[in-house]
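Taking it in order: structure first as structure tokens, then the write-up.
The values are calculated or read from the model by the stated rules, or taken from the named source; none is laboratory data. All of these numbers come straight from a predicted model, not from anything done at the bench. Here the Cβ positions follow ideal geometry from the backbone for every residue, glycine too, while neighbour counts run over all protein chains shown.
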Amino acid sequence: MGRKIWAGASHEEVEAPSWGARWWESFRQVASRRGSAWSLAALAAMEAVFFPIPPDALLAALAAAHPEARWRFALITTVASVMGGLAGYAVGFVAFETVGKPILAATGAASAVPTVQAWFAAHTFLLLLLAAFTPIPYKAFTLTGGALAAPLLPFFLASLIGRGVRFFFVAWLSARYGERVVRLLLPRINLLLALGAVGIVLVLVWRALQW
């Protein structure tokens, strides 16, 4: 764990979110097609290993277009992301130098590796819970976790909880408020989740002090 591994919908028209009209329109089109759940699962799994686009936007589009199926879409995204995370862990464990590093470099996640490595050295479970609430790509955690041979059970459980909280929150928010939430809130989803996590911690601390 201590070795160094890196040197260096509603159909109303809305304004496109900050990550670009092209992607949002593509996600809206995918959400209207049969088999869109398979596309969501594939995106979530690939993003955990090598794909640069997170599944939040497609999940939001699907939940907004089909609010009655929001929890199903959130569950699909969570399971696929965690399974992809295990695949990323395996890639990092077996071939970080030859495969993992090039993936991180190509997707712009290489600069996060030293930070992730230091966090893994401190606490694997807590790190992966926090990973769901940070802008650091999930693949940086999965590939680095495998390269460092992080304990697999804490890795799996923390990924399941952290990713689940994130995706169920996105699905609920999108189904509740529609497409406009993507324009207004999805680009700030990490901040919202972080504030929520801090609030939960403060409540737990306050209740513990009352005992």
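Each residue in the range 27-46 was checked for being closer than 16 Å to GLY84 by Cα and surrounded by 20 or more Cβ atoms within 10 Å (Cβ to Cβ), and 4 pass. Return yes when SER174 is of a type in the set (S, T, N, Q) and more than 24 Å from ALA42 (Cα to Cα) and no when it is not. When the stated conditions are applied, SER174 does not pass them. Which residue is farthest from ALA110 (Cα to Cα), if the candidates are limited to the range 159-180 and must be within 14 Å of the chain's Cα centre (by Cα) and surrounded by 24 or more Cβ atoms within 10 Å (Cβ to Cβ)? Step by step, filter the range 159-180, then rank; the result is ALA171. Of the helices (runs of 4 or more DSSP H) lying entirely inside the range 1-82, those carrying at least 2 residues that are modelled with pLDDT of 90 or more are 36-47, 56-65.
Results for (1) at pLDDT below 90; (2) within 15 Å of the chain's Cα centre (by Cα); (3) of a type outside the set (A, V, I, L, M, F, W, C); (4) over 22 Å from ILE161 (Cα atoms), shown as yes or no for each residue.
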position: LEU104; (1), (2), (3), (4): no, no, no, yes
position: ALA110; (1), (2), (3), (4): yes, no, no, yes
position: GLN117; (1), (2), (3), (4): yes, no, yes, no
position: THR134; (1), (2), (3), (4): yes, yes, yes, no
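Residues in the range 75-85 that are under 13 Å from SER36 (Cα atoms) and crowded, with 24+ Cβ neighbours inside 10 Å: THR77 only. Residues in the range 121-144 that are among the polar types (S, T, N, Q) and out of contact with any Gly (no Cβ under 7 Å at 6 or more places or on another chain): THR124, THR134.
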